[in-house]
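Comments concern the structure below.
The values are calculated or read from the model by the stated rules, or taken from the named source; none is laboratory data. It should be emphasised that the depicted structure is a prediction, and the values quoted were computed from it without experimental measurement. Positions of Cβ are generated from backbone atoms using ideal geometry, with glycine treated the same way; all protein chains shown enter the neighbour counts. Areas reflect the complete protein model, heavy atoms only, side chains present, ligands, DNA and RNA absent. Shrake-Rupley method; radii C 1.70, N 1.55, O 1.52, S 1.80 Å.
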Amino acid sequence: MLKLNAVVLSLTVAVMAVSGAVQARSLDEIIKSGTLRVGINPNFPPMSSYNDQNELTGFDIDAANEIARNLNVKAEFVPTESAQRVPFLQSDRIDISLGALTRNSERAKLIDFTVPLHTESMAVLTTEKLTASNWKELDSPDVKLVNMRGNWSVDYLKKELPKANVLLVETIADTVRAVAQGRGDAIVENIDFFMGFTKNYPDVKWKVLKDPISVGYDCIGVAKNSSGLRDYLNVVLFEMHSSGFVNSAWQKAYGAPMLKPVDAIPYF
């Protein structure tokens, strides 16, 4: 019976989200409640993860707490895997979604976005041993790229750099380790998420090729038509960028600056 009730509840939430019957909390309602429900991915270090004391830490945690501080409320963190970010907003299970939520036109049909919180740059992480100055120069059988099994960029690289050899490993840490050990030459990915692991190999002379392949803008997601909350967050984000808070929090979490920082633009 409990299982049946759970299934019915899940279906009800899904139907209500699709039909638009679930009304997201307004800015005033969030303030009156005393809590801001924040969707984060607890398995995505250093964006957010549990430390040895079972406390959430990371860039998203610091950013959310700063937003909550400005609202004079407490941040309530809701574990949200990548695929749940949009549905959780639509079903009013969270007020805002973090977790490297990249702004794109498909998602914009379903939710609203603030101005960017941070970027993620697809670029090349390598060492001084590689003489290439442009990512297209990696399209050679003399180059071995390291990537993760099942990652979207594996197929991308097969298409864009078909001549290069590829070594597939399991995790982000494994990719950096393989290049550090000389088993691979370079990583082509959203490099910001990889930089923190390079500090484990201080004797390796790391470098990132100058020009990013592409830059994604990651924003805070809110439910559709939540203009009051979105407008408020835009003002807070301007202040967080202007004060240097965002870049300092990023440096703290990743151990390296954001590859392409977000400029504080007063018009939005």
Revision key, fill the gap. The correct count of residues that are within 15 Å of Ser121 (Cβ to Cβ) and touching a helix residue (DSSP H, G or I) at 6+ places or on another chain (Cβ under 7 Å) in the stretch 207-245 is 3
Revision key, fill the gap. Out of (1) under 21 Å from Lys136 (Cα atoms); (2) without any contact (Cβ under 8 Å) to a residue 60 or more places away in the chain, the one Asn247 does not meet is (1)
Point to revise | Conditions (1) part of a helix (DSSP H, G or I); (2) surrounded by fewer than 17 Cβ atoms within 10 Å (Cβ to Cβ); number of the one not met by Leu167 | key: (1)
Check your understanding: Out of all the residues in the stretch 180-196, is one or more on the phi > 0 side of the Ramachandran plot, of a type outside the set (Phe, Trp, Tyr), loosely packed, with under 14 Cβ neighbours inside 10 Å and assigned to a loop (DSSP other than H, G, I, E, B)?
Key -> yes
Review point. In the stretch 197-212, what residues are touching a residue at least 24 places away in the same chain (Cβ under 8 Å), in a loop (DSSP other than H, G, I, E, B) and surrounded by fewer than 18 Cβ atoms within 10 Å (Cβ to Cβ)?
Key: Tyr201, Val204, Lys205, Lys210, Asp211
Review point. Looking at the stretch 34-45, which of its residues are under 24 Å from Val222 (Cβ atoms), buried (at least 17 other Cβ atoms within 10 Å of the Cβ) and under 13 Å from the mean Cα position of the chain (by Cα)?
Key: Gly39, Ile40, Asn41, Pro42, Phe44
Check your understanding: So is Val176 more than 30 Å from Ser91 (Cβ to Cβ), outside any loop (DSSP other than H, G, I, E, B), among the β-branched types (Val, Ile, Thr) and open to solvent by 40 Å² or more (accessible area, probe 1.4 Å) or not?
Key -> no
Point to revise | Residue list for the stretch 226-267, restricted to those being of a type in the set (Val, Ile, Thr) and at pLDDT 95 or above | key: Val235, Val236, Val246, Val262
Revision key, fill the gap. Across the stretch 20-33, the tally of residues that are in a helix (DSSP H, G or I) and either open to solvent by 40 Å² or more (accessible area, probe 1.4 Å) or within 18 Å of Pro87 (Cα to Cα) (or both) stands at 5
Check your understanding: Ala132 passes all but one of (1) in contact with a strand residue (DSSP E or B) (Cβ under 8 Å, 6 or more places away or on another chain); (2) under 26 Å from Val246 (Cβ atoms); which number fails?
Key -> (2)
Check your understanding: Hey, does the stretch 245-260 have a residue that's out of contact with any Ser or Thr (no Cβ under 7 Å at 6 or more places or on another chain), assigned to a loop (DSSP other than H, G, I, E, B) and open to solvent by 20 Å² or more (accessible area, probe 1.4 Å)?
Key -> yes
